[in-house]
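**Q** Take this structure, written in structure tokens, and hold onto it; I'll ask about it next.
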Amino acid sequence: GYPLTFDATTASYMDRDILQIRVLTRASALDAALDYYQYGYNAQNHGAFQSLQELARSPSRSKVTSQFETFSRYFGDDHYADKIIIDAITRQGAFSSASINQLEQIITGSMTYMVMYMGILERLYSAVEACR
């Protein structure tokens, strides 16, 4: 068999953080939503919390060369998802006058379709590398 290189069980709880961030955003509790994003709550790895922000800023994302480079070039920033999420939660830049409903969609959509997407691809690429 192959040795276990990553326990996916812990990361599988990150969707709960996204759900709680959605609820907090709807309640206009943006400071609490920022805490959940930066520090995590539901996903733990050996007793340490794993946050969505860690996943969004992971240097391992570069393993997914074609997709990561495409996103980075398009947004002009290697930390494109983190910047969008932080700007939306703190109501900066393009999100300064966004409604709570718009912020909810931007924040949770970015977490789901940018952060989690790239995180999943990174884990898949790592698994393929481990098999070689």
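The values are calculated or read from the model by the stated rules, or taken from the named source; none is laboratory data. All of these numbers come straight from a predicted model, not from anything done at the bench. Don't worry about glycine lacking a Cβ; one is built from the backbone with ideal geometry, like all the others, and counts go over all protein chains shown. Ligands, DNA and RNA are stripped out before the accessible areas are found, and what is left, the full protein with its side chains, is counted by its heavy atoms. Shrake-Rupley method; radii C 1.70, N 1.55, O 1.52, S 1.80 Å.
**Q** Where the second residue is open to solvent by less than 70 Å² (accessible area, probe 1.4 Å) and of a type in the set (F, W, Y) and the first is under 14 Å from Y13 (Cβ atoms) and lies in the range 44-70, which pairs have Cβ atoms under 9 Å and are six or more apart or on separate chains?
**A** S51/Y36; S51/Y37; L52/Y36; L52/Y37
**Q** Which residue out of Y39, Y13 is open to solvent by 60 Å² or more (accessible area, probe 1.4 Å), modelled with pLDDT under 95, hydroxyl-bearing (S, T, Y) and in contact with a Ser or Thr (Cβ under 8 Å, 6 or more places away or on another chain)?
**A** Numbers: Y13 fails: in contact with a Ser or Thr (Cβ under 8 Å, 6 or more places away or on another chain).
When all the criteria are applied, what remains is Y39.
**Q** Among what's in the range 49-70 and is surrounded by fewer than 20 Cβ atoms within 10 Å (Cβ to Cβ) and basic (K, R), pick the residue that is modelled with the highest pLDDT.
**A** Per the criteria, the residue is R57.
**Q** Mind listing just one residue for me: the one in the range 82-122 that is open to solvent by 40 Å² or more (accessible area, probe 1.4 Å) and closer than 18 Å to E69 by Cβ and, of those, modelled with the lowest pLDDT?
**A** I120
**Q** I need the helices (runs of 4 or more DSSP H) fully contained in the range 36-132, keeping only those with at least 2 residues that are within 11 Å of the chain's Cα centre (by Cα). Explain how you work it out, then say what you get.
**A** Working: elements: 52-56, 65-75, 80-89, 100-110, 117-131.
Correct list: 52-56, 80-89, 100-110, 117-131.
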